[in-house]
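Asker: My structure is below; once you've seen it, I'll send some questions.
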Amino acid sequence: IYSCCHLSRRLNQLSSHDPLWKRHCKKYWLMSDEEKSRRNQSWKTIFISTYSDLGRYIRYYATLKKAWDDLEKFLGQRCPRMIGSLKESVREEDLDAVEAQIGCKLPDDYRCSFRIHNGQKLVVPGLMGSMALSNHYRSEDLLDIDTAAGGFQQRLGLKQCLPLTFCIHTGLSQYMALESVEGRNKYEIFYQCPDQMTRNPSAIDMFITGTSYLEWFTSYVNKVVTGGYPIIRDQIFRYVHDKECVATTGDITVSVSTSFLPELSSVHPPHYFFTYRIRIEMSKDALPEKACQLDSRYWKITNAKGDVDEVQGPGVVGEFPIISPGRVYEYTSCTTFSTTSGYMEGYYTFHCLYYKDKFFNVTIPRFHMVCPTFKVSTARMVRRGAETNHNEHAVDEDEDSTDTDEYEDRRRVLDIPAPSGRCPRHT
């Protein structure tokens, strides 16, 4: 009996040993020493009280809290308006009420994120990235829980899908499937893409952006805070830059970033829209007489079938930029493919300002554009039966793009009102 009492006493002392609870508080709740001091409680008390509130999220909380903290810290100085648009956390009963309203369970990683921040206000710029191209602009907000619940879908083609983001300019949303219906996996995240060749409104293809909320959100935050996405005029632009996609000719360096635009693309007919951002920079150590002006560009464009299109023309996007030591020139243009991937490469022709009869070429590095994984609609699968393969990239590929300014025609294919201006391609 004495031994049992002694053992029980030792176990009780061990279970109350504060340094052990400190480790758990830091691991699972990311609790700092400063926060502990403000609360004026023992580590054990803090862990137990936090667990009583957030215990169901113990698998996700530390990962999501770190992502939110990193994002706030990174954007605090760079995009203060965006940080100011974030909403405070919601309560468990608020999330339970939404589940009752929509008749579906919310995944725990999604609920956990909203216990930290309840999305953002519907403002510009949006937390989930922007894109600007000629007259086309989008900026995606991370929806708060009530707005998301109001957009919950039960219509054919989007059954039991909850919007995660929204763009007030395009109506674009990323959705999360709350059930495995209509060919979707449970908790898959995607952009909808209506089949342009059918009048059936339920024929919706999917450009997949994530397999779970945790993966979708943390991978996006990682790209932002590591500089994978550029910050331009207080906004996050979702251009992806391959660090190897850089070419230096003499004192001039050319680098390229690319982005896929799902809202201007379609799976059927196959029409994949990409935008690219090119940076041309002259070394600050170059001699002043190296100043030069861009005269023309040459492109070699190759699609996934190996078909090649060559394009030559004056200037870039209607301009003839002058490059001098330490100066940078950047511009954005676009292209389309009827295949799911392709690449471009080429060169610019410059003439020297000090020696006007001296011309030289500057290499544009090869850059690849790849459509994200997608699934075709179950409505089209039923219609075509065995002719349609449900696997990703199951499409027919028609002739590829050519060098033209007929941006209005491409918009009509997607049944989107044509803008008033034009988007110069391959420039």
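The values are calculated or read from the model by the stated rules, or taken from the named source; none is laboratory data. These figures come from a predicted structure and were not determined experimentally. Reconstructed Cβ throughout: ideal geometry from the backbone, glycine too, with neighbour counts over all protein chains shown. In case anyone asks, the SASA skips ligands and DNA or RNA and just uses the protein heavy atoms, side chains included. Shrake-Rupley method; radii C 1.70, N 1.55, O 1.52, S 1.80 Å.
Asker: Anything in region 127-146 that is open to solvent by 10 Å² or more (accessible area, probe 1.4 Å) and over 19 Å from Phe114 (Cα atoms)? List them, or say none.
Answerer: Ala132, Ser134, Asn135, His136, Tyr137 - these are the residues of region 127-146 that are open to solvent by 10 Å² or more (accessible area, probe 1.4 Å) and over 19 Å from Phe114 (Cα atoms).
Asker: Only residues that are open to solvent by 50 Å² or more (accessible area, probe 1.4 Å), assigned by the TED database to the domain that holds Asp141 and out of contact with any helix residue (DSSP H, G or I) (no Cβ under 9 Å at 6 or more places or on another chain): list them for region 43-80, please.
Answerer: Asp69, Gln77, Arg78, Pro80
Asker: Going by what's in this entry, would Pro269 be described as outside any strand (DSSP E or B), within 22 Å of Ser338 (Cβ to Cβ) and modelled with pLDDT under 95? Working first, answer last.
Answerer: Numbers: outside any strand (DSSP E or B): yes; within 22 Å of Ser338 (Cβ to Cβ): yes; modelled with pLDDT under 95: yes.
Criteria met by Pro269.
Asker: If you don't mind, there's one more thing I want to ask. In a loop (DSSP other than H, G, I, E, B) and either open to solvent by less than 60 Å² (accessible area, probe 1.4 Å) or more than 16 Å from Leu64 (Cα to Cα) (or both): which single residue out of Ile83, Ile116 fits that description?
Answerer: Answer to the check: Ile116.
Asker: A further question follows. Just to be sure I understand, how many residues within region 180-200 are open to solvent by 40 Å² or more (accessible area, probe 1.4 Å) and either touching a residue at least 24 places away in the same chain (Cβ under 8 Å) or within 25 Å of Arg138 (Cα to Cα) (or both)?
Answerer: Count: 8.
Asker: What do you reckon, is Gly228 open to solvent by less than 80 Å² (accessible area, probe 1.4 Å) and within 19 Å of Met131 (Cα to Cα)? Write out each step before concluding.
Answerer: Details: open to solvent by less than 80 Å² (accessible area, probe 1.4 Å): yes; within 19 Å of Met131 (Cα to Cα): yes.
Spelling it out, Gly228 is indeed open to solvent by less than 80 Å² (accessible area, probe 1.4 Å) and within 19 Å of Met131 (Cα to Cα).
Asker: Here's a follow-up. Would region 241-251 turn up any residue that is part of a loop (DSSP other than H, G, I, E, B) and in the same structural domain as Gly342 (by the TED database)?
Answerer: Residues of region 241-251 part of a loop (DSSP other than H, G, I, E, B): 250-251.
Next, only the ones that are in the same structural domain as Gly342 (by the TED database) stay: 250-251.
Yes, region 241-251 contains at least one residue that is part of a loop (DSSP other than H, G, I, E, B) and in the same structural domain as Gly342 (by the TED database).
Asker: For residues in region 235-252 being of a type in the set (Ser, Thr, Tyr) and over 26 Å from Arg78 (Cα atoms), which is least open to solvent (accessible area, probe 1.4 Å)?
Answerer: Thr249
Asker: So, in region 147-179, of the ones that are under 21 Å from the mean Cα position of the chain (by Cα), free of Cβ contacts under 8 Å to residues at least 40 places away in the same chain and assigned to a strand (DSSP E or B), which residue ends up surrounded by the most Cβ atoms within 10 Å (Cβ to Cβ)?
Answerer: Among those that are under 21 Å from the mean Cα position of the chain (by Cα), free of Cβ contacts under 8 Å to residues at least 40 places away in the same chain and assigned to a strand (DSSP E or B), it is Cys161.
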